[in-house]
Amino acid sequence: MRFEEKVAIVTGGGQGIGKAVARGLASEGASVVISDINPEIAHKTAEEVEESYQAKALAVKTDVKKRDDIHNLVAFAESEFGRIDILFNSAGICKRIDIQDISEEEWDEMIDINLRGVFLCSQAVMPIMKRQQQGRILNMASLAGKVGGIAVGAHYSASKAGVICLTKSFARALGPHGVTVNALAPGPVETAMIQDWPPEVREDMARQSPLGRIAQTEDIVEPALFLLSDAARHITGATLDINGGILMD
Ligand SMILES: NC(=O)c1ccc[n+]([C@@H]2O[C@H](COP(=O)([O-])OP(=O)(O)OC[C@H]3O[C@@H](n4cnc5c(N)ncnc54)[C@H](O)[C@@H]3O)[C@@H](O)[C@H]2O)c1
């Protein structure tokens with residue numbers, strides 16, 4: 001059990017990749033705080049996790065656009081469990097839209113959730129992880145943050161490029177305190193986020209991969225658990241590609 005006695009916060013944990021990683025953490029002994037803007041799915045996931053693994057799982061409604069929500073989330077997790085070992089920043093939105101058509105409001109919302117949210121959540125756990133002299137932060141970046149939007153909007157790609165760089169800055173700041181900070185950069189993953197993609201876009205992305213397939217959430221779980229585990233103690237500031245070879249760099 002790699003995560004016995006560890007306490008993890010998972011943002012966007014109500015569904016998709018966040019939910020799958022939260023389940024993975026709980027299956028190996030972690031207590032998890034499932035945070036999501038949608039309280040119904042957060043509670044449902046927490047219930048499922050408790051039933052499946054006899055792990056402690058709590059749900060908190062959090063909008064990562066709101067600093068007060070984030071501070072409440074972190075204070076709640078700390079008061080319930082006395083520590084925070086893991087922050088998995090998975091909350092995010094994505095939109096397929098031509099660069100010409102992105103409004104200022106859409107740009108701001110994308111950056112607020114995908115980039116500023118990661119910044120605020122990571123900043124909020126910093127004092128606790130520094131005090132513990134131990135911690136793991138893992139951020140969801142994206143293939144799009146490396147290559148620009150192939151199938152998604154430029155604002156999404158820019159937000160994820162920001163996450164990749166922010167990961168390095170937090171890694172530099174927290175390394176001296178025994179905390180590692182890394183990111184994952186998946187290509188398309190079969191979740192609600194891409195469910196409205198036209199079949200031809202989906203097929204084109206699968207064709208670009210030498211493996212000829214689109215990832216499932218399970219393909220993300222083990223790489224995430226590895227980076228959150230003690231085995232990855234000497235890896236920090238890294239962005240791990242999980243893209244089926246669409247991009248090899
Ligand atoms: N699915 C993909 O193809 C893919 C590829 C690369 C990266 N990612 C990234 O992985 C992460 C998880 O995506 P997913 O595929 O699981 O998508 P998803 O839509 O299934 O899950 C995203 C979750 O984030 C929550 N959320 C949205 N806005 C929020 C906010 N303001 N505050 C708190 N929670 C909020 C949603 O309610 C949802 O539960 C995202 O950061 C996404 O950009 C996804």
Exercise for review: Treat each spin label as a single point 7 Å out from the Cα along the C-beta direction, and report the Glu51 to Lys65 distance in nm.
Suggested key: 3.2
Revision key, fill the gap. To the nearest 20 debye, the range 1-128 has a Cα-centred charge dipole, built from +1 on Lys and Arg Cβ and -1 on Asp and Glu Cβ, of 380
Check your understanding: In nm, to one decimal, how far is the modelled label at Arg2 from the one at Arg172, with both set 7 Å along Cα→Cβ?
Key -> 2.8
Study note, to complete from the structure: The aspartates and glutamates whose Cα lies under 12 Å from the Cα of Lys95, excluding any fewer than 8 residues away in the same chain, are Glu106, Glu109, Asp196
Point to revise | Length released on extending from Ser103 to Ile235, taking residue separation times 0.36 nm less the Cα-Cα span | key: 43.7 nm
Study note, to complete from the structure: Square roots of five times the C-alpha gyration tensor eigenvalues of the chain, ordered largest first and given in whole Å, equal 27, 19, 18
Review point. Using +1 on the beta carbon of Lys and Arg, -1 on that of Asp and Glu, and nothing else charged, what's the dipole of the range 7-242 about the Cα centre, debye to 20?
Key: 960
Point to revise | Share of carbon and sulfur in the accessible heavy-atom surface of the chain [1.4 Å probe, %] | key: 50
Practice item. Just report the Cα centroid separation between the range 99-130 and the range 1-38, whole Å. Key: 21
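Just the number please: accessible area per residue for the range 7-242, 1.4 Å probe, all protein chains included, in Å².
Dividing the accessible area of the range 7-242 by its residue count gives 43 Å².
The values are calculated or read from the model by the stated rules, or taken from the named source; none is laboratory data. Since the model is a prediction, treat every value here as computed from it, not as a measurement. Don't worry about glycine lacking a Cβ; one is built from the backbone with ideal geometry, like all the others, and counts go over all protein chains shown. Keep in mind that these areas ignore ligands, DNA and RNA; they rest on the heavy atoms of the full protein, side chains included. Shrake-Rupley method; radii C 1.70, N 1.55, O 1.52, S 1.80 Å.
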